[in-house]
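S.K.: Here it is: the structure, laid out below.
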Amino acid sequence: VEDDPVSFSGEGIDLRVTYGIAYYPDHRVDVLFSDRIVPICSPDFAAHMASGIAGVQDDQFIHTDWGTAYVTPPSWPAWMARARIPRHPDASAGIHVALTSLAICAAREGLGLALAPEHVAARDLVAGRLVVPDPAFLPMPSDYVLIHTQAQARRKPLQALIAHLKAAA
(Lines give C-alpha, C1' and ligand atoms only; values in the text may rest on other atoms or scores of the structure.)
Protein backbone atom coordinates (compact mmCIF):
# COMPACT_ATOMS: atom_id res chain seq x y z
CA VAL A 1 0.00 0.00 0.00
CA GLU A 2 1.59 3.20 -1.19
CA ASP A 3 0.43 6.64 -2.14
CA ASP A 4 0.03 7.36 -5.82
CA PRO A 5 1.90 7.66 -8.07
CA VAL A 6 4.15 4.61 -7.92
CA SER A 7 7.16 4.05 -10.17
CA PHE A 8 6.62 0.84 -12.11
CA SER A 9 10.19 0.55 -13.39
CA GLY A 10 11.98 1.88 -10.32
CA GLU A 11 10.07 -0.26 -7.82
CA GLY A 12 9.58 -3.42 -9.89
CA ILE A 13 5.80 -3.10 -9.87
CA ASP A 14 3.83 -5.08 -12.46
CA LEU A 15 0.28 -4.03 -11.59
CA ARG A 16 -1.30 -1.23 -9.57
CA VAL A 17 -4.80 -1.57 -8.12
CA THR A 18 -6.03 1.92 -7.33
CA TYR A 19 -8.85 4.43 -7.50
CA GLY A 20 -8.82 6.75 -10.49
CA ILE A 21 -6.30 7.28 -13.25
CA ALA A 22 -5.10 10.84 -12.63
CA TYR A 23 -1.53 9.82 -11.85
CA TYR A 24 -1.12 7.39 -14.75
CA PRO A 25 -1.92 9.10 -18.08
CA ASP A 26 0.68 7.08 -20.03
CA HIS A 27 -0.21 3.65 -18.69
CA ARG A 28 -2.60 0.89 -19.68
CA VAL A 29 -5.84 0.99 -17.64
CA ASP A 30 -8.41 -1.74 -17.08
CA VAL A 31 -11.55 -0.81 -15.16
CA LEU A 32 -12.02 -3.18 -12.24
CA PHE A 33 -15.38 -1.84 -11.02
CA SER A 34 -17.44 1.28 -10.37
CA ASP A 35 -18.89 2.01 -6.97
CA ARG A 36 -21.18 4.37 -5.12
CA ILE A 37 -21.22 5.79 -1.60
CA VAL A 38 -24.07 4.53 0.61
CA PRO A 39 -25.01 5.05 4.25
CA ILE A 40 -24.32 1.97 6.37
CA CYS A 41 -24.96 0.94 9.97
CA SER A 42 -25.51 -2.15 12.07
CA PRO A 43 -28.97 -3.74 11.98
CA ASP A 44 -29.44 -2.84 15.68
CA PHE A 45 -28.58 0.80 15.03
CA ALA A 46 -31.04 0.88 12.11
CA ALA A 47 -33.78 -0.63 14.29
CA HIS A 48 -33.54 2.39 16.61
CA MET A 49 -33.78 4.98 13.81
CA ALA A 50 -37.50 5.65 14.22
CA SER A 51 -37.46 8.80 12.08
CA GLY A 52 -34.81 7.62 9.63
CA ILE A 53 -31.45 9.25 8.99
CA ALA A 54 -32.98 12.71 9.45
CA GLY A 55 -33.47 11.87 13.12
CA VAL A 56 -29.96 10.60 13.84
CA GLN A 57 -28.11 12.72 16.40
CA ASP A 58 -25.02 14.61 15.24
CA ASP A 59 -22.70 12.60 17.49
CA GLN A 60 -23.86 9.36 15.84
CA PHE A 61 -22.44 10.19 12.42
CA ILE A 62 -19.12 8.62 11.44
CA HIS A 63 -16.98 10.90 9.27
CA THR A 64 -14.13 9.62 7.08
CA ASP A 65 -11.12 11.68 6.06
CA TRP A 66 -10.99 10.57 2.43
CA GLY A 67 -7.59 12.16 1.81
CA THR A 68 -6.38 14.54 -0.84
CA ALA A 69 -7.22 12.27 -3.81
CA TYR A 70 -10.85 13.39 -3.68
CA VAL A 71 -11.52 16.82 -5.13
CA THR A 72 -14.94 16.73 -3.48
CA PRO A 73 -14.82 14.09 -0.75
CA PRO A 74 -18.05 12.26 0.08
CA SER A 75 -19.63 13.92 3.11
CA TRP A 76 -22.79 13.78 5.13
CA PRO A 77 -23.89 17.25 3.95
CA ALA A 78 -23.44 16.11 0.31
CA TRP A 79 -25.36 12.89 0.99
CA MET A 80 -28.13 14.80 2.81
CA ALA A 81 -28.48 17.15 -0.17
CA ARG A 82 -28.67 14.20 -2.58
CA ALA A 83 -31.27 12.50 -0.34
CA ARG A 84 -33.22 15.78 -0.11
CA ILE A 85 -32.95 15.85 3.67
CA PRO A 86 -32.71 19.47 4.85
CA ARG A 87 -30.01 18.85 7.41
CA HIS A 88 -26.33 19.63 7.90
CA PRO A 89 -24.90 17.41 10.68
CA ASP A 90 -22.30 19.03 12.93
CA ALA A 91 -19.11 17.21 11.90
CA SER A 92 -17.33 18.18 15.12
CA ALA A 93 -19.82 16.14 17.15
CA GLY A 94 -19.36 12.78 15.42
CA ILE A 95 -16.68 10.11 15.21
CA HIS A 96 -13.79 10.81 12.83
CA VAL A 97 -11.69 8.09 11.19
CA ALA A 98 -8.86 8.17 8.68
CA LEU A 99 -9.75 5.04 6.68
CA THR A 100 -12.88 3.66 5.05
CA SER A 101 -12.16 0.31 6.70
CA LEU A 102 -12.34 1.97 10.13
CA ALA A 103 -15.64 3.66 9.26
CA ILE A 104 -17.06 0.29 8.20
CA CYS A 105 -15.79 -1.34 11.40
CA ALA A 106 -17.26 1.42 13.59
CA ALA A 107 -20.61 1.11 11.83
CA ARG A 108 -20.54 -2.68 12.14
CA GLU A 109 -19.94 -2.32 15.90
CA GLY A 110 -23.03 -0.13 16.25
CA LEU A 111 -21.16 3.11 16.91
CA GLY A 112 -23.13 5.09 14.36
CA LEU A 113 -23.89 5.72 10.73
CA ALA A 114 -21.08 5.84 8.15
CA LEU A 115 -20.73 6.56 4.47
CA ALA A 116 -18.84 3.87 2.57
CA PRO A 117 -18.31 2.56 -0.94
CA GLU A 118 -20.98 -0.12 -1.38
CA HIS A 119 -18.63 -2.57 -3.07
CA VAL A 120 -16.08 -2.22 -0.28
CA ALA A 121 -18.75 -2.89 2.37
CA ALA A 122 -20.40 -5.68 0.34
CA ARG A 123 -19.14 -8.61 2.42
CA ASP A 124 -20.66 -7.16 5.61
CA LEU A 125 -23.86 -6.18 3.77
CA VAL A 126 -24.33 -9.66 2.32
CA ALA A 127 -23.63 -11.27 5.72
CA GLY A 128 -26.18 -8.99 7.42
CA ARG A 129 -23.62 -7.36 9.72
CA LEU A 130 -24.40 -4.03 8.03
CA VAL A 131 -27.49 -2.58 6.38
CA VAL A 132 -28.17 0.35 4.06
CA PRO A 133 -30.94 2.23 5.89
CA ASP A 134 -31.73 4.60 3.01
CA PRO A 135 -31.50 4.03 -0.76
CA ALA A 136 -29.97 7.44 -1.55
CA PHE A 137 -26.35 7.29 -2.69
CA LEU A 138 -23.51 9.48 -3.89
CA PRO A 139 -21.90 8.50 -7.18
CA MET A 140 -18.16 8.06 -7.07
CA PRO A 141 -16.44 10.22 -9.69
CA SER A 142 -13.86 7.62 -10.68
CA ASP A 143 -13.56 3.86 -11.05
CA TYR A 144 -11.34 1.38 -9.29
CA VAL A 145 -8.76 0.40 -11.86
CA LEU A 146 -5.87 -1.90 -12.69
CA ILE A 147 -2.88 -0.02 -14.08
CA HIS A 148 0.20 -1.41 -15.78
CA THR A 149 2.73 -0.38 -18.36
CA GLN A 150 2.19 -0.90 -22.07
CA ALA A 151 5.33 -3.06 -22.11
CA GLN A 152 3.86 -5.42 -19.50
CA ALA A 153 0.50 -5.74 -21.31
CA ARG A 154 1.60 -8.73 -23.42
CA ARG A 155 2.83 -10.85 -20.50
CA LYS A 156 0.59 -13.94 -20.14
CA PRO A 157 0.83 -14.16 -16.30
CA LEU A 158 -0.22 -10.51 -15.98
CA GLN A 159 -3.07 -11.03 -18.46
CA ALA A 160 -4.25 -14.02 -16.40
CA LEU A 161 -4.11 -12.02 -13.15
CA ILE A 162 -6.06 -9.14 -14.68
CA ALA A 163 -8.71 -11.53 -16.02
CA HIS A 164 -9.00 -13.17 -12.59
CA LEU A 165 -9.33 -9.82 -10.75
CA LYS A 166 -11.94 -8.54 -13.18
CA ALA A 167 -13.97 -11.77 -12.87
CA ALA A 168 -13.81 -11.60 -9.07
CA ALA A 169 -14.93 -7.97 -8.96
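The values are calculated or read from the model by the stated rules, or taken from the named source; none is laboratory data. In this text, all values refer to a predicted model and were calculated from it rather than measured experimentally. With ideal geometry, Cβ positions are generated from the backbone for all residues, glycine too; neighbour counts draw on all protein chains shown. Surface accessibility is based on the protein's heavy atoms, side chains included, excluding ligands, DNA and RNA. Shrake-Rupley method; radii C 1.70, N 1.55, O 1.52, S 1.80 Å.
S.K.: If I filter region 32-43 for residues that are modelled with pLDDT under 90 and either small (Gly, Ala, Ser) or in contact with a helix residue (DSSP H, G or I) (Cβ under 7 Å, 6 or more places away or on another chain) (or both), do I get at least one hit?
M.R.: Kept after step one, since they are modelled with pLDDT under 90, are these residues of region 32-43: none.
The answer is no; no qualifying residue exists.
S.K.: To continue, here is another question. Among residues belonging to region 1-35 that are open to solvent by 80 Å² or more (accessible area, probe 1.4 Å) and part of a strand (DSSP E or B), point out the one that is nearest to Ala122 (Cα to Cα).
M.R.: So, considering only residues that are open to solvent by 80 Å² or more (accessible area, probe 1.4 Å) and part of a strand (DSSP E or B), the one nearest to Ala122 (Cα to Cα) is Val17.
S.K.: Does Ile53 qualify as being under 19 Å from the mean Cα position of the chain (by Cα), open to solvent by less than 20 Å² (accessible area, probe 1.4 Å) and either farther than 24 Å from Arg129 by Cβ or not small (Gly, Ala, Ser) (or both)?
M.R.: Working: under 19 Å from the mean Cα position of the chain (by Cα): no; open to solvent by less than 20 Å² (accessible area, probe 1.4 Å): yes; either farther than 24 Å from Arg129 by Cβ or not small (Gly, Ala, Ser) (or both): yes.
No: the conditions fail for Ile53.
S.K.: Of the residues Leu165, Leu161, Leu146, which is closer than 23 Å to Ile13 by Cβ, open to solvent by less than 60 Å² (accessible area, probe 1.4 Å) and out of contact with any helix residue (DSSP H, G or I) (no Cβ under 6 Å at 6 or more places or on another chain)? Walk me through how you get there before you give the answer.
M.R.: Working: Leu161 fails: open to solvent by less than 60 Å² (accessible area, probe 1.4 Å); Leu146 fails: out of contact with any helix residue (DSSP H, G or I) (no Cβ under 6 Å at 6 or more places or on another chain).
Answer to the check: Leu165.
S.K.: Does region 59-66 contain any residue that is over 30 Å from Ser9 (Cβ atoms), of a type in the set (A, V, I, L, M, F, W, C) and touching a residue at least 40 places away in the same chain (Cβ under 8 Å)? Show your work before the answer.
M.R.: Here is the first cut: in region 59-66, the residues over 30 Å from Ser9 (Cβ atoms) are 59-65.
Then drop every residue that is not of a type in the set (A, V, I, L, M, F, W, C), which leaves 61-62.
When the remaining residues are screened for being touching a residue at least 40 places away in the same chain (Cβ under 8 Å), the result is 61-62.
Taking every residue of region 59-66 in turn, at least one turns out to be over 30 Å from Ser9 (Cβ atoms), of a type in the set (A, V, I, L, M, F, W, C) and touching a residue at least 40 places away in the same chain (Cβ under 8 Å).
S.K.: Moving on to the next point. Being of a type in the set (Asp, Glu), open to solvent by 40 Å² or more (accessible area, probe 1.4 Å) and part of a helix (DSSP H, G or I) is the filter here; which residues of region 82-140 pass it?
M.R.: Glu118
S.K.: While we're on this one: For region 56-81, name all the residues that are open to solvent by less than 80 Å² (accessible area, probe 1.4 Å) and over 16 Å from Ala107 (Cα atoms).
M.R.: Trp66, Gly67, Ala69, Tyr70, Pro73, Pro74, Pro77, Ala78, Trp79, Met80, Ala81
S.K.: What number of residues within region 36-47 are surrounded by 12 or more Cβ atoms within 10 Å (Cβ to Cβ) and farther than 29 Å from Leu146 by Cβ? Before you say what the answer is, go through the steps one by one.
M.R.: Taking region 36-47 first, the residues surrounded by 12 or more Cβ atoms within 10 Å (Cβ to Cβ) are 36-43, 45-46.
Now drop any that are not farther than 29 Å from Leu146 by Cβ, which leaves 41-43, 45-46.
Number satisfying all stated conditions: 5.
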